[in-house]
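Scroll down for the structure; my scribbles are underneath it.
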Amino acid sequence: MIVVSTPTGAIGRQVVRHLLDAHAPVRVIVRDPDRLAPEVRERVGVVPGSHGDADVVDRALAGADAVFWLVPPNPRAESVDAAYSGFSRPACAAFARRPDLRVVGISALGRGTPVAANSGHVAATLALDDLIAGTGVSYRALTMPSFMDNLLRQTDSIRDGVFFQPISGAHKSPTCATRDIADVAARLLLDDSWSGVGSVPVLGPEDLSFDEMAQIMSEVLGWPVRFQQVPVDAFKARLLAAGMSEAMAQAMVDMAVAKENGLDDAEPRTPAGSTPTTFRQWCAEVLRPRLS
């Protein structure tokens, strides 16, 4: 039995689809079962509730062999530690009682870099990796840069010909598609041959700058799109105006500054860590349909 958290999220729903295509037994933890697609709901076991709840996690893990673990976003959390490790502590207690479990988690690049300690969400994610690894389960942390799919939050701006980040337009870094992340996660969940603790980088196929991404968008979408760097103060003010807590907004700023200073750039690119979806392909197959 494979347990999947966040089965209606951008990555989790794709993980579920891969597992069902492989005819694996799947159980999902979901706050609102009605959000599951009908064709999914009829093929999975459903445990209603939050995977931050100890009783819910205990019910979900009964008889489980593997778990897909992803912390849901909590933009109003009082701290990044509360949002990541705090949310996950009940599950980690349950993991510790089941050391034969294999757990696959969504993490980030940057461990061991000089900027990792002050990288906001990434620092909290790396601390969560350590918490899970310390339970005694076998664990694989999928370590990733920023997602291509994050640009879907700016579809209105892109339609108007511009997108924004508090990072310079010339800085090249890896970027990956959520569908490739889900594919790697599902393969690990279906493979019972691995054990111990380790990380698996998911880097996409190429390093790109935001200026280069703007050029590719322009060519694929058929209208000019440019990138605009925004000051970190303005970026934070926008997050606060959208309802994010002070701590979580500052964590986003810290992460962006760390990325500007090389957080995502230290992982060596290897064939094993380079996933297939190019940014041009993602723009054609994911972004453009959202804008049509």
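The values are calculated or read from the model by the stated rules, or taken from the named source; none is laboratory data. These numbers were taken from a predicted model, which means no experiment stands behind them. All Cβ positions, even for glycine, are placed from backbone atoms using ideal geometry, and neighbour counts span all protein chains on display. Ligands, DNA and RNA are stripped out before the accessible areas are found, and what is left, the full protein with its side chains, is counted by its heavy atoms. Shrake-Rupley method; radii C 1.70, N 1.55, O 1.52, S 1.80 Å.
Here are some notes:
- Number of the condition not met by residue 113 [criteria: (1) closer than 17 Å to residue 250 by Cβ; (2) of a type in the set (Val, Ile, Thr); (3) open to solvent by 10 Å² or more (accessible area, probe 1.4 Å); (4) out of contact with any Phe, Trp or Tyr (no Cβ under 9 Å at 6 or more places or on another chain)]: (1)
- Selection within the range 121-153 - over 26 Å from residue 208 (Cα atoms) and outside any loop (DSSP other than H, G, I, E, B): 127, 128, 129, 130, 131, 132, 133, 138, 139, 140
- Restricting attention to the range 52-64, the residues that are out of contact with any Gly (no Cβ under 9 Å at 6 or more places or on another chain), open to solvent by 30 Å² or more (accessible area, probe 1.4 Å) and without any contact (Cβ under 8 Å) to a residue 60 or more places away in the chain total 4.
- Check on residue 174, out of contact with any helix residue (DSSP H, G or I) (no Cβ under 7 Å at 6 or more places or on another chain) and over 28 Å from residue 210 (Cβ atoms): no
- Filter result for residue 76 (open to solvent by 40 Å² or more (accessible area, probe 1.4 Å), modelled with pLDDT of 95 or more and either more than 21 Å from residue 143 (Cα to Cα) or of a type in the set (Phe, Trp, Tyr) (or both)): yes
- Hey, residue 106 farther than 30 Å from residue 218 by Cα, buried (at least 19 other Cβ atoms within 10 Å of the Cβ) and either in contact with a Lys or Arg (Cβ under 9 Å, 6 or more places away or on another chain) or among the hydrophobic types (A, V, I, L, M, F, W, C) (or both) or not: yes
- Close pairs (7 angstrom Cβ cut-off, 6 or more residues apart or separate chains): within 17 Å of residue 59 (Cβ to Cβ) in the range 79-92, open to solvent by less than 30 Å² (accessible area, probe 1.4 Å) and of a type outside the set (A, V, I, L, M, F, W, C) anywhere: 90/52; 91/51; 92/135
- Matching entry among 149, 156, 129 (being among the acidic types (Asp, Glu), over 19 Å from the mean Cα position of the chain (by Cα) and either under 18 Å from residue 15 (Cβ atoms) or at pLDDT 95 or above (or both)): 156
- Within the range 126-150, residues that are closer than 18 Å to residue 73 by Cβ and open to solvent by 40 Å² or more (accessible area, probe 1.4 Å) sit with their Cβ atoms under 8 Å from residues that are charged (D, E, K, R) and not in a strand (DSSP E or B), at 6+ positions apart or across chains, in these pairs: 127/81; 146/259; 146/264.
- Single unsatisfied condition, residue 251 versus (1) within 24 Å of residue 279 (Cα to Cα); (2) in contact with a Gly (Cβ under 8 Å, 6 or more places away or on another chain): (1)
- The range 106-138, residues that are among the hydroxyl-bearing types (Ser, Thr, Tyr) and more than 26 Å from residue 207 (Cβ to Cβ): 135, 138
- Residue that is farthest from residue 185 (Cα to Cα) [pool: residues in the range 17-51 that are open to solvent by 40 Å² or more (accessible area, probe 1.4 Å) and in contact with a helix residue (DSSP H, G or I) (Cβ under 7 Å, 6 or more places away or on another chain)]: 48
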